Amino acid sequence: MMHSSVERVERLNGDTSIIRFTWNEAVKPGQFIMVWIPEVGEIPISVSHVGNPKGITIKAYGPTSRALVDIREGDRIFFRGPYGRPFFLVPGRRLIIGAGTGMASLLPVIDSKTFGIIAARSKKDLLFADAFDEQRRLLVTDDGSAGIKGIAVDALTHVDLNQFDMVYVCGPEMMMKSIYDFLRPRGTSAQFSLERLMKCGIGLCDSCSIGGLQLCRDGPTFDIKELDTMEEFGRSRVLESGKRISMGK
Amino acid sequence: MPDLSVRLASGIILESPLILASGILDENGYSIKRILQEGAAAAVTKSIGIQERAGYKPPVVVDLGDTGILNAVGLSNPGIDDYHNEMKIALQAGKPIIGSIFGATVDEFLQLAVKMESYGASAVELNLSCPHVKGVGTEVGSDFPLVEEIIASLKRRLSIPVYAKLSPNLTDVVEAARACSKADGVVLINTIRAMSIDIHAKKPVLSNYYGGLSGPAIRPVGVRLVYQVKRETGMEIIGVGGIENGGDAIEYMMAGASAVQIGTAVRKYGRSVFMKIKDEIHSFMEREGYSRIEDIVGAALP
């Protein structure tokens, strides 16, 4: 287990924080770390800032993420990694599509030419919208409090997909399934960063597997063509017990 | 051309002696199917109980590098009824699947084993050795009269073979194996009780504090127990514990194991570890002039 001292905590809204800490290890866009809060728990988190200081962006949803959101400057942060296959970065023009905290893993992919579709429940939940100039982004909210009222896939009819060399997608799995269903028949080049329940992070415990591939090791990033063979994608997932439940509406 | 296939005394035929060990990539049917397609000759499922169990909260593993892995996953499983669907998916690979089961009583083991047989398992492996969950695993495995009763009742009801996976955390493993004399064979060894403390956090890392050690560090313990149990009981043995390469597998087989299981090495080499070890065994046999696996099994015994 590695550890570092928290240098800075930026509280974005009531329940999301960016935690910055020094760690002299090369981390590539799309990779993640397992962060441990002693006596509380351990969770996988994408590295949202891959330069130094490194950064993770976390929203509170359970005890470990709650403790992380509330971490203070000077506190110790424990972690292991980096893990996972990074995004394959193309030199050309990139479109990123991020929903909710999915934007955290996409942040390192953004360059000065990248166009962004940023989706969230409501205006206050939009993450890293300011990473783009206003003319290089589309905002989408479920409640219409900012940008287009709808879901991420609704924004795709407003952009010309032919101008992009690669699309990068991250968000809840049903959101990614709708994007996949839109892009796949069009033959668009795309990569998706999937999210599943994860326990070990090192390819052994089978909690995060999809289509027999381990998200923690073969992923979390997958090419759109790799999703074709995953019968579970957007259809079923397993609980902590391994019990399979169906996803979606 | 060396022949790597194995025929166990129980009649199970394997294309090579390399079986996926219980607890590694074998909870989800699609994972089992893929690892069989990518080179494992058979797979043992994650240990399945009567009821759904979430297992322990992470951290459930500690990566100890070259030493191995410390784990306390806590017997997470969907319960035997839900596991039927995973078995259907896994069996699409067309290779033998051995159903690992854990319980606290004769009746629980019987219910689980009968269901595994009906799902299409080629054998059952009794988890008598999980070191970190109360009331099951080693606690059952160290009650020898109970073990004898479980195995006797399973042998009466099942037509598929019964293997018992034993713990190295017992004073006398040979006695434990003798309690399994009616089984078709024993699987040696499960993990060794262990723990790890983070000295900067001043806390045990595993949420359960105690766990089981697997990987290279336990291989000499496993080899010794396979050798000793084979020598003193003559039972069929499947060897497991720290096998990472062809030489390690051959060492276990020379000690008396008819086949071996691979688990922790998946961390270092990925799922392709099965093809890697198969190639290494093949080269060894060619170099040393062995034509069949059975010529290796027990070669180091007196």
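The values are calculated or read from the model by the stated rules, or taken from the named source; none is laboratory data. Note that the structure is predicted; figures quoted are calculated from it, not measured. Please note: Cβ atoms are built from the backbone with ideal geometry, for glycine as well, and neighbour counts cover all protein chains shown. Note: areas computed on protein heavy atoms with side chains; ligands, DNA, RNA excluded. Shrake-Rupley method; radii C 1.70, N 1.55, O 1.52, S 1.80 Å.
Couple of notes before you dig in:
- From the list A:SER207, A:SER241, A:SER193, the one residue that fits, being hydroxyl-bearing (Ser, Thr, Tyr) and closer than 18 Å to A:GLY98 by Cβ, is A:SER193.
- Scan of the stretch A:171-193 for residues that are open to solvent by 10 Å² or more (accessible area, probe 1.4 Å) and of a type in the set (A, V, I, L, M, F, W, C), ordered by number: A:MET174, A:MET175, A:PHE182
- Under the condition of being in a helix (DSSP H, G or I), open to solvent by 30 Å² or more (accessible area, probe 1.4 Å) and modelled with pLDDT of 95 or more, the residues counted in the stretch B:112-140 number 4.
- Residues of the stretch B:141-196 satisfying the condition of being closer than 28 Å to B:VAL61 by Cβ, of a type in the set (Gly, Ala, Ser) and in a strand (DSSP E or B): B:ALA164, B:ALA194
- Failed item, numbered, when B:SER258 is tested on (1) farther than 29 Å from B:PRO58 by Cα; (2) open to solvent by 50 Å² or more (accessible area, probe 1.4 Å); (3) in contact (Cβ under 8 Å) with a residue 60 or more places away in the chain: (2)
- Among the residues of the stretch A:21-35, the ones that are under 19 Å from the mean Cα position of the chain (by Cα) and either closer than 13 Å to A:PHE79 by Cα or buried (at least 19 other Cβ atoms within 10 Å of the Cβ) (or both) come to 8 in all.
- Taken across the stretch A:3-15, residues that are open to solvent by less than 10 Å² (accessible area, probe 1.4 Å), within 14 Å of A:ALA104 (Cβ to Cβ) and either more than 14 Å from chain B (Cβ to nearest Cβ) or touching a residue at least 24 places away in the same chain (Cβ under 8 Å) (or both) do not occur at all.
- For the stretch B:25-51, the candidate set comprises residues that are assigned to a loop (DSSP other than H, G, I, E, B) and open to solvent by 20 Å² or more (accessible area, probe 1.4 Å); within that set, the residue that is farthest from the other protein chains (Cβ to nearest Cβ) is B:ILE50.
- Among the criteria (1) open to solvent by less than 10 Å² (accessible area, probe 1.4 Å); (2) at the interface with another protein chain (Cβ under 8 Å from one of its Cβ atoms), the one B:ALA72 does not fulfil is (2).
- Some residue of the stretch B:52-67 being touching a helix residue (DSSP H, G or I) at 6+ places or on another chain (Cβ under 6 Å) and assigned to a loop (DSSP other than H, G, I, E, B): no
- Here B:ILE80, B:ILE89, B:ILE151, B:ILE69 are screened, and the one residue that is within 18 Å of B:GLN261 (Cβ to Cβ) and either more than 20 Å from the chain's Cα centre (by Cα) or not charged (D, E, K, R) (or both) is B:ILE69.
- Residue, farthest from the other protein chains (Cβ to nearest Cβ), within the stretch B:86-105, restricted to residues that are more than 16 Å from B:ARG34 (Cα to Cα) and open to solvent by 30 Å² or more (accessible area, probe 1.4 Å): B:THR105
- Test for B:ILE160: is it closer than 24 Å to B:ALA43 by Cα and either open to solvent by less than 10 Å² (accessible area, probe 1.4 Å) or of a type in the set (Ser, Thr, Tyr) (or both): no
- Among the residues making up the stretch A:215-237, a single one is touching a Lys or Arg at 6+ places or on another chain (Cβ under 9 Å), open to solvent by 10 Å² or more (accessible area, probe 1.4 Å) and facing another protein chain (nearest Cβ under 8 Å): A:ARG217.
- Any hit, the stretch A:149-163, residues being among the aliphatic types (A, V, I, L, M), in a strand (DSSP E or B) and over 21 Å from the mean Cα position of the chain (by Cα): no
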